[in-house]
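Notes for the one structure printed next.
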Amino acid sequence: MKKTGLVLEGGAMRGMFTAGILDVFMEKGIRVDGTIGVSAGAAFGVNYKSGQIGRAIRYNTRFCNDPRYCGWRCLLRDGNIFSRDFAYEEVPLKHDPFDFTAYCANSMPFYLVCTNVETGQPVYHQYMGWEDHGFEWIRASASMPLVSEFVEIDGCKLLDGGIADSIPLRYFESLGYNRNVVILTQPPMYEKKENALLFLVRLKYRKYPHLVRAMQQRHVVYNETLRYIEAKEQAGEIFVLRPESPLPVSRVEKNPANLRRAYEIGRQLAHSKLELVQGFLESLAAL
């Protein structure tokens with residue numbers, strides 16, 4: 001059976017680019033059979049399943065400067081650069097509610113990726129909504145190393161999915177999603193370098209050698225995945241959307257205008273490629 005899919009890279013606040021694309025997709029009625037997101041791709045991608053246009057850019061521009069939401073105060077206060085209590089509970093439950101009813105009513109499966117701290121291996125999980133450990137799976141997928149505590153779910157210690165599988169195209173293909181739109185948050189010709197903070201990684205995670213090894217090899221795995229994506233793209237087997245140049249945001253961006261710029265870059269690209277994306281997805285029926 002042929003299935004269409006969306007594969008969403010992370011990248012912290014570079015994810016505003018992805019949010020812009022997804023909002024255009026929702027506005028134009030572009031649907032797929034399944035979606036998988038990593039880190040920010042998971043945190044913002046869930047809005048695609050719940051159908052909440054504009055939610056990701058709205059709450060991030062509203063709260064990015066709020067010391068309760070993110071920043072060094074959060075890190076010093078509770079060990080997480082994005083607050084567990086405010087960013088992952090108060091905001092989605094009170095200030096800008098996530099529509100769990102709509103999320104669960106949409107039959108499209110939504111998967112996310114975390115990294116198992118003790119094995120260094122990816123954990124792929126189909127997120128089922130509030131009854132599925134609240135927002136803890138989303139938080140785990142987006143918990144950046146060195147600036148986040150482990151998230152423990154059912155006895156499994158988890159961190160950012162990007163450590164083990166930043167762009168889970170191969171995994172999605174293994175599930176039968178063979179007509180995929182891949183949204184990347186780095187420009188063409190980008191190549192990931194070795195982590196400059198590996199000395200801190202080795203120190204902080206010395207009790208977790210498999211996690212350290214995964215972080216040491218992350219750039220190698222990431223760059224090999226990019227080569228795989230390039231080959232699939234040249235063969236016409238996937239459709240890739242990515243910014244033409246580096247996005248104007250930092251990983252923990254505090255300037256709402258910069259977030260808006262990254263979001264608008266995503267929207268503009270989605271509009272310019274809309275017919276091509278629609279044609280790519282619709283061509284599945286002819287295969």
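The values are calculated or read from the model by the stated rules, or taken from the named source; none is laboratory data. Since the model is a prediction, treat every value here as computed from it, not as a measurement. Every residue, glycine among them, receives a Cβ derived from its backbone with ideal geometry; neighbour counts consider all protein chains shown. Each accessible area value is taken on the protein alone, full model and side chains, heavy atoms only, with ligands, DNA and RNA left out. Shrake-Rupley method; radii C 1.70, N 1.55, O 1.52, S 1.80 Å.
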For the chain, what is the mean residue ellipticity at 222 nm derived from helices alone (per DSSP H run of n ≥ 4: -39500 (n - 2.57); sum divided by total residues; nearest 500 deg cm²/dmol)? -12000 deg cm²/dmol
Can you tell me the convex hull volume per residue for the stretch 151-221, based on C-alpha atoms, in Å³ to the nearest whole number? 131 Å³
How big is the charge dipole of the chain about its Cα centre, in debye rounded to the nearest 20, if each Lys and Arg gets +1 on its Cβ and each Asp and Glu gets -1 on its Cβ? 660 debye
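What does the charge count near PRO188 come to, summing +1 for each Lys or Arg and -1 for each Asp or Glu among other residues with Cβ under 11 Å from its Cβ?
Values: positive: ARG242; negative: GLU191, GLU230, GLU233, GLU244.
Net charge around PRO188: -3.
Please list the helices of the chain that count as membrane-span-like by this rule: a mean Kyte-Doolittle hydropathy of at least -1.0 together with Cα atoms stretching 15 Å or more along the helix axis, each helix being a complete DSSP H run.
On the way: long enough: 15-27 (18 Å, 1.17); 40-50 (16 Å, 0.19); 218-234 (24 Å, -1.08); 256-282 (36 Å, -0.38).
Both cut-offs are met by 15-27, 40-50, 256-282.
Within the stretch 160-250, report the trypsin sites (Lys or Arg not before Pro) that DSSP leaves as loop and that have at most 14 other Cβ atoms within 10 Å. Don't skip to the answer; put the middle values down first.
Numbers: sites: ARG170, ARG179, LYS192, LYS193, ARG202, LYS204, ARG206, LYS207, ARG213, ARG218, ARG227, LYS232; in loops: LYS192, LYS193, ARG206, LYS207.
Taking the stretch 160-250 and a limit of 14 other Cβ atoms within 10 Å, the loop trypsin sites (Lys or Arg not before Pro) found are LYS193, ARG206, LYS207.
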Mind grabbing the base-10 log of I(q)/I(0) for the stretch 193-283 at q = 0.14 Å⁻¹? Debye formula, identical points on the C-alpha positions, no solvent, two decimal places. -0.81
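Under 14 Å from the Cβ of CYS104, count the other residues' Cβ atoms, weight Lys and Arg +1, Asp and Glu -1, and hand me the total.
-2
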The size of the Cβ-based charge dipole (Lys, Arg +1; Asp, Glu -1) of the stretch 41-98 about the Cα centre, to the nearest 20 debye, is 120 debye
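For the chain, how many pairs of lysine residues have a Cα-Cα distance under 16 Å, where the two are 8 or more positions apart or belong to different chains? Provide the component values of the computation, followed by the final result.
Numbers: LYS28/LYS49; LYS28/LYS273; LYS157/LYS204; LYS157/LYS207.
Qualifying lysine pairs in the chain: 4.
Between ARG206 and ASN255, what is the FRET efficiency for a Förster distance of 35 Å, r being their Cβ-Cβ separation, to the nearest 0.05? Mind showing how you got there, number by number?
On the way: r = 36 Å, r/R0 = 1.02.
That gives a FRET efficiency of 0.45.
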Share of accessible surface on carbon and sulfur in the chain, whole %, 1.4 Å probe and ligands ignored, is 52 percent
What is the packing order of peptides 153-163, 60-70, 75-85, taking the mean over residues of other C-beta atoms within 10 Å and listing the highest first? 153-163, 60-70, 75-85
Residue separation between TYR228 and MET189 times 0.36 nm, minus their alpha-carbon distance, gives in nm 12.7 nm
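In the chain, what percentage of the DSSP-assigned beta bridges are antiparallel, given to the nearest 5?
On the way: 12 of 30 bridges.
Antiparallel: roughly 40 percent of the beta bridges in the chain.
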Given 25 °C and 0.890 mPa s, compute D for the stretch 13-85 with the Stokes-Einstein relation, Rh being the Kirkwood radius over Cα pairs; round to the nearest whole µm²/s. 185 µm²/s
Work out Dmax and Rg for the stretch 193-241 from the C-alpha atoms and quote the Rg first, both in angstrom. 15.1, 44
Can you grab the distance from the C-alpha centre of the stretch 250-283 to the C-alpha centre of the stretch 18-40, Å, no decimals? 10 Å
Of all the stretches in the chain, which is the longest one without any exposed loop site, taking GluC sites (Glu not before Pro) in a DSSP loop (any state but H, G, I, E, B) with at most 10 other Cβ atoms within 10 Å? 1-130
What number comes out for accessible area per residue over the stretch 187-287 if the probe is 1.4 Å? Units Å², please. 62 Å²
